[in-house]
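Have a look at the structure below, then the notes.
Where a number appears in this text, it was derived from the coordinates with a stated rule and is not lab data. Small disclaimer: the values here were computed from a predicted structure and weren't measured. Glycine also receives a Cβ, built like all others from the backbone with ideal geometry; neighbour counts cover every protein chain displayed.
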Amino acid sequence: MDSIMMNNIICGNSDELLDELIEQGIKFDLVLTDPPYNINKDFGNDSDCLSLEDFLNVTSERIVKLKKILTPNGSIIWFGIHDYIGYVQVTMYNAGLYYRRLNIWHYENGFSRSKKEPATHYEPFLWFSNHPKKWTYNVDEVRLPYKSTERLKSPVKYKGSDGSVKIWQPNPNGAMRGDIWDFPTLAGKRFAKEKTPHPTQKPESLITELLKAFCPMKDGKFCGTVLDPFHGSGTLGVCCEKLNSQGHSIKWIGIELEKKWCDVAQERLAKLRKETEERR
């Protein structure tokens, strides 16, 4: 196979293409992906309706391959669903990856098709690193405004590790982000321009924030290499390109099995690149 080009969408089977990436020695600082959840979604194939045994075997094989293409300090961000996320977490442990956090994407505009159970307002996503002590997390790039200003008016005292009394000062850039990430789903008219027909499309706002949090930085700019082996409608590529148009230099690859979604992703990317070029 020819050398795989960066900043590109590849239409093909990720299970096979991961072998090509391993063979070519291409490494990634971040794997950020939203794979099939195995809940019978229609992606145009049977990838989301496997038996539990097949799902676990395929997931294990994929994670083992992904570990091989991570840089020494690289990370995997893996979206899942509460039904199976526990299985995926154990699989990552077994692959020799290191648990960092189970995060929650929380959205208030969820709904339920059944009155027999609560409405769904979240999706979990796992963060595992390739190294037990070294990884990228850009805490200052994803800070949030403090929710309360009252507690900022008076000094907050605490005891340091040496036993001395220290005074906490608020960070001028805001509070540290927690492990609950609040971003709306793409429901309603306000997201009409962003929404595609893809059944599990993630919002650009969420994916951009994750890139800011987990991409390496150099001289104040986001950089490094990012892979999405289940690229769907192309949101990761779009978000990387938008950041790059602001002076960053993220290299990325998106792999998608279905030509239908490859076409959607390519169309989004072409439109964005044209708009970016016209603004120059």
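Things to note:
- Rounded to 10°, Cα long-axis angle of helix 85-94 versus longest principal axis of the chain: 90
- If you take the alpha carbon atoms of segment 80-185 and fit the smallest convex hull around them, that volume is 180 Å³ per residue.
- Cα gyration tensor shape for segment 153-196, rounded if a/c is under 1.5, else prolate or oblate: prolate
- By the rule of a C-alpha distance below 16 Å, with chain neighbours fewer than 8 residues away ignored, the lysines paired with Lys27 are Lys65, Lys67, Lys68, Lys251.
- The DSSP beta bridges internal to the chain are antiparallel in roughly 55% of cases.
- When Rg and Dmax are taken over the Cα atoms of the chain, they come to 20.0, 63 Å.
- Residue order, fewest to most beta carbons within 10 Å, for His231, His198, His121: His121, His198, His231
- Per-residue extension of 0.36 nm, minus the Cα-Cα distance of Ala270 and Glu194, leaves a gain of 25.9 nm for this segment.
- Gyration tensor (alpha-carbon) shape descriptor, segment 204-280, a/c threshold 1.5: oblate
- Potential lengthening between Asp140 and Ser249 on full extension [0.36 nm per residue; Cα-Cα distance subtracted]: 37.4 nm
- Shape category assigned to segment 1-148 from the gyration tensor of Cα positions, a/c cut at 1.5: oblate
- The smallest convex shape that holds all Cα atoms of segment 128-280, its convex hull, gives 174 Å³ per residue.
- In plain terms, the residue of Val165, Val58, Val226 with the fewest other Cβ atoms within 10 Å comes first and the most crowded comes last, giving Val165, Val58, Val226.
- Only lysine pairs 8 or more places apart, or on different chains, with alpha-carbon atoms under 19 angstrom apart are counted in segment 114-207, and they number 4.
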